[in-house]
Each structure stands twice: as structure tokens, then as C-alpha cells.
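The values are calculated or read from the model by the stated rules, or taken from the named source; none is laboratory data. Just so we're clear, the structure is a prediction, and the values are computed from it rather than from any experiment. Glycine gets a Cβ as well: all are built from the backbone with ideal geometry, and neighbour counts include every protein chain shown.
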């Protein structure tokens, strides 16, 4: 990616352009919460979901390490369910927690957010990449790491340097989505932590770098013990070879990564969303000539708004427009807010991107991958 390893230069958004839209949208959203006598945080729905999705991950783990299930098909089923549970944890409630919208109680949100450690991630680096970079600089190449992938064979932005292999990415990119959490659990967090230190971003975590590094090392060691050492030992006692367990762990992570990839990518890398470049003035300051909320509206797309099952499992992330406009609001409110956003966008003659189905969004993403594969 092109993000510099030096201090990240902030980008300023216009405070005058689109001000009426921003003011109106915020007022209407505020009125919605006031009129319904509710707040922006989660409610019983997300608490029930937390228990159900956590069980999808931890129950199969408990059954697996018990040593009572040693047949290949049984273990494959248990690890596959853990993979689905991993993705569910990431999207269903950990995401809200690390945005501070899970609970009014900051300690509860903090602890729930740290559950990411049980699935191989690290909350501080996730927060910087997602909350700070992605949500602030959505679809701005060199700032938003979601469209500036570490793998040079993937091109998610027209501003990314083109290489011949990109013309086939609409075929092979789907395979690499499954590598996401495998990279999480191994090298990604370490590389990010050092990169964010050089960019001056770790200071915002209210702790020093050495403390963050120690926390990261300890969290990885505990995760490897949890996911690798204990299963290999317990299943080894039951006669299952270590390499078979290793392959099942990779399968589990591949399932999780693939689910996460196909949910997040169609929200921003589709034909109708904008890819924006910041403009440098004579003082070398960077700016985008647009209102921040309008920028989010133009760079993001919803999908499958009528699918309750999908919305439940992926934590309302099919309402990505609403999430980017109101990142500190729990996803249980997104469906209601979507009506307000759509109406307000229409009132100000602004686009509101949405694909009717999840399959439709994936097809659109595939078309964009093909388009970006051209020189």
C-alpha cells in the first residue's frame, strides 16, 4: 500500500459544502431516538445475539477438546462451525463494542471488544485500521487500508498501481479473502502496530508502544495455546495426528476470512461508489472538497436491506451506509435509521447506494474487480 510510514497527514473535509444535509440528517436521527425514548446503544437483542454467536464458537471448541469426537467428519464439522462463529463474533457484536456502541457501560464495551483476542485479532490495531483510518478516510487510497491491500496482486482502487495480474483478480481475489484471519493471527497485527507507531497513530490509544507490544505478544501466545496447543494435545491423546488438527485450524480460519471478506468488500468496492483523492494546497495540507457525511454517503453501499437473517448474523453490516454515517450507534437501530437516511438523501438530491440482494452486491463487486483489473 502507499500509506507512508511517516506521520500520517490528516485530511480536512469541507465545513460549508453540504452543511444543510448534515444538519438535517443529524437532527432527524436525534428526533428518532428522542421520540422513541431510546438511546444509541445496544439493547436486549444484541445481548441475546452475543450469547448465541459466542456459543457457535466456544461450544464446538469444548466438544472438540473433550476428545469424544475424533472422526474426521465430526472434527471438520466442529471446526467449520467455529469458523462461522469466528466471523459472527467479529461482525455480530465485537464490531459494535470496539465502536463504543455495544453498551452505555464503557467497561462492558471494552471487555466485549477484547473478545477479538479469542479469534486471533488485536483490538488496538483493529481500532486504528477500522475506526480511525477506514471510517475517516473511506475509499481514499493511501489512507484507507481497506482499499490499499497489503497484497500487490489485489487492486481495490483506481489509484493503486496496475500490474498485469490484476486482469484476473475478479477470479482469484475471492480465494485471498479467505486468508484474512490467517494473516490476522500471524503477522498482520505486528506489522500494523509498528507501522502505526511510525505514522504516529499509536499515541491515540492512551498507552505507550511498549505496553501495546507486550499486550499483543501475550494475546498471541494465549491464542496459540487456546487454538493450537490445547487441541493438538487433547486430540493427540485421542489418536488424531497433529498435522490433521493444523489443517482443520487453517480450514476454520479460511471459512471465517472468506465470510468477512465477502461482507465488507461489497460495501465499498462496487461500481457506483466513489474513490476519492485528497487535494494538496500550497501549504501542503490535504483536503477533500466535500462534506464528511456526504463523502461517506458517496463511498458506501448497502445491500439486502430486507434480509433479517443476514442482518442478524453480520451485525447489520448490510446497512453500511448507516454505519458510516452513525458509527457510534449500535447496529440494532440501523434498519430504522435507513429510512431516515434514504429520505434525507432524496430531499437533498444525493445518492443512496443499495443493492436489493446480497448476491446482487457480490456480482457488483465482481464487476468492479474486473473493471479495476484493466490498465
(request) Quickly run through the range 320-337 and pick out the residues that are in contact with a strand residue (DSSP E or B) (Cβ under 9 Å, 6 or more places away or on another chain) and under 14 Å from residue 26 (Cβ atoms). (result) 322
(request) Mind listing just one residue for me: the one in the range 327-349 that is part of a helix (DSSP H, G or I) and under 18 Å from the mean Cα position of the chain (by Cα) and, of those, farthest from residue 112 (Cα to Cα)? (result) 334
(request) Could you identify the single residue in 328, 318 that is surrounded by 17 or more Cβ atoms within 10 Å (Cβ to Cβ), closer than 30 Å to residue 106 by Cα and touching a residue at least 40 places away in the same chain (Cβ under 8 Å)? (result) 318
(message) What's the number of the only condition in (1) touching a strand residue (DSSP E or B) at 6+ places or on another chain (Cβ under 9 Å); (2) assigned to a loop (DSSP other than H, G, I, E, B); (3) surrounded by fewer than 22 Cβ atoms within 10 Å (Cβ to Cβ); (4) touching a residue at least 60 places away in the same chain (Cβ under 8 Å) that residue 305 fails to meet?
(response) (4)
(message) So, in the range 270-279, how many residues would count as being at pLDDT below 95 and in a loop (DSSP other than H, G, I, E, B)?
(response) 2
(request) Considering (1) touching a helix residue (DSSP H, G or I) at 6+ places or on another chain (Cβ under 8 Å); (2) closer than 18 Å to residue 261 by Cβ, say which one residue 128 fails and leave the rest. (result) (2)
(request) Assess whether residue 293 counts as being surrounded by 19 or more Cβ atoms within 10 Å (Cβ to Cβ), farther than 24 Å from residue 119 by Cα and in contact (Cβ under 8 Å) with a residue 40 or more places away in the chain. (result) yes
(message) Only one of 167, 104, 161 is surrounded by fewer than 19 Cβ atoms within 10 Å (Cβ to Cβ) and in a helix (DSSP H, G or I). Can you tell me which?
(response) 167
(request) For residue 276, indicate whether it is surrounded by 14 or more Cβ atoms within 10 Å (Cβ to Cβ), touching a residue at least 24 places away in the same chain (Cβ under 8 Å) and touching a strand residue (DSSP E or B) at 6+ places or on another chain (Cβ under 8 Å). (result) yes
(message) Given (1) touching a residue at least 60 places away in the same chain (Cβ under 8 Å); (2) assigned to a helix (DSSP H, G or I); (3) surrounded by 15 or more Cβ atoms within 10 Å (Cβ to Cβ), identify the lone condition not met by residue 109.
(response) (1)
(message) Under 7 Å between Cβ atoms, which residue pairs at least 6 apart in sequence (or on different chains) link something in the range 187-204 that is without any contact (Cβ under 8 Å) to a residue 60 or more places away in the chain and at negative phi with a partner that is part of a helix (DSSP H, G or I) and surrounded by 15 or more Cβ atoms within 10 Å (Cβ to Cβ)?
(response) 190/216
(message) Anything in the range 117-144 that is over 13 Å from the mean Cα position of the chain (by Cα) and not in a loop (DSSP other than H, G, I, E, B)? List them, or say none.
(response) 117, 118, 119, 124, 136, 140
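Per-residue answers, yes or no, for (1) touching a strand residue (DSSP E or B) at 6+ places or on another chain (Cβ under 9 Å); (2) over 27 Å from residue 261 (Cβ atoms); (3) crowded, with 19+ Cβ neighbours inside 10 Å:
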site: 16; (1), (2), (3): no, yes, no
site: 52; (1), (2), (3): no, no, no
site: 71; (1), (2), (3): no, yes, no
site: 80; (1), (2), (3): no, no, no
site: 88; (1), (2), (3): no, no, yes
